[in-house]
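Student: Here's a structure for you.
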Amino acid sequence: MSREGYMTKNDSLYFTENFNEYQKNGVITFDIFSSICREYKGITEKPVLEETLKDLKASLDKKNTMQTINLKQEEYFNFVNTVLKDQAQSKNQNDPEMEKLFKSLAGKEGDYVYKRKLTDIINMFGLPINLTNFFQPVSGQEEINFNEFCCLFRAENVDENLRKTFITFIDKSSKEPEEKEDIKAIYKANFPIKYYGD
């Protein structure tokens, strides 16, 4: 994942400034990294953050025998991306509109959205989306389950063009009156997602 990955400009500024402030000889301790994450106002899902930090520390403990765990700059930003990805995934998993969109795109199978189908929608509407970046969280997969689908989008900060595109496609492919009503409900809810892309 690139250094930017899931980071907005504000995220990047915050985490870069903090790395520069607290690093010593190009490394920062995991404890300081954890504090930086806990103090960031952009991270709102605190229980999810604590679970992510616990998992990251456990993965480091397996590799590291020293008491103080140091992160190099690249590892620090990879961990920031993991934290932000888990935050977005948690918000999107609890969003009823996200679930409706997934179900509409998944069709009768219901368990997966196919990468090819999403690609076709994006291409059909000529959206300026870098598909490599868009699909980076699920690279190499053709079948995308709900949790993985949630990782493709940033919570909040509506991308009106992308939302309209998905809604238009679903609306055109909906045959049943109740499906049409679901589409109207998604649209009225101002579907709160933005893809992780350019």
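Conditions tested, residue by residue: (1) charged (D, E, K, R); (2) in the same structural domain as residue 43 (by TED's automatic domain parsing); (3) within 23 Å of residue 7 (Cα to Cα); (4) under 17 Å from the mean Cα position of the chain (by Cα).
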residue	(1), (2), (3), (4)
104	no, no, no, no
112	no, no, no, no
120	yes, no, no, no
133	no, no, yes, yes
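Student: Is there a residue in segment 47-69 that is within 16 Å of residue 12 (Cα to Cα), under 21 Å from the mean Cα position of the chain (by Cα) and modelled with pLDDT of 95 or more? Before you say what the answer is, go through the steps one by one.
Tutor: Residues of segment 47-69 within 16 Å of residue 12 (Cα to Cα): none.
No, segment 47-69 contains no residue that is within 16 Å of residue 12 (Cα to Cα), under 21 Å from the mean Cα position of the chain (by Cα) and modelled with pLDDT of 95 or more.
Student: Right, next: For segment 46-108, which fully contained helices (runs of 4 or more DSSP H) count at least 3 residues that are touching a Ser or Thr at 6+ places or on another chain (Cβ under 8 Å) and buried (at least 17 other Cβ atoms within 10 Å of the Cβ)?
Tutor: On the way: elements: 46-63, 73-93, 96-106.
Once the helices (runs of 4 or more DSSP H) in segment 46-108 are filtered for at least 3 residues that are touching a Ser or Thr at 6+ places or on another chain (Cβ under 8 Å) and buried (at least 17 other Cβ atoms within 10 Å of the Cβ), what remains is 46-63, 73-93.
Student: Going through segment 29-79 one residue at a time, which ones are free of Cβ contacts under 8 Å to residues at least 60 places away in the same chain and of a type in the set (S, T, N, Q)?
Tutor: 29, 34, 35, 44, 52, 59, 64, 65, 67, 68, 70, 73
The values are calculated or read from the model by the stated rules, or taken from the named source; none is laboratory data. Owing to the predicted nature of the structure, the values given are computational and were not obtained by experimental measurement. Glycine gets a Cβ as well: all are built from the backbone with ideal geometry, and neighbour counts include every protein chain shown.
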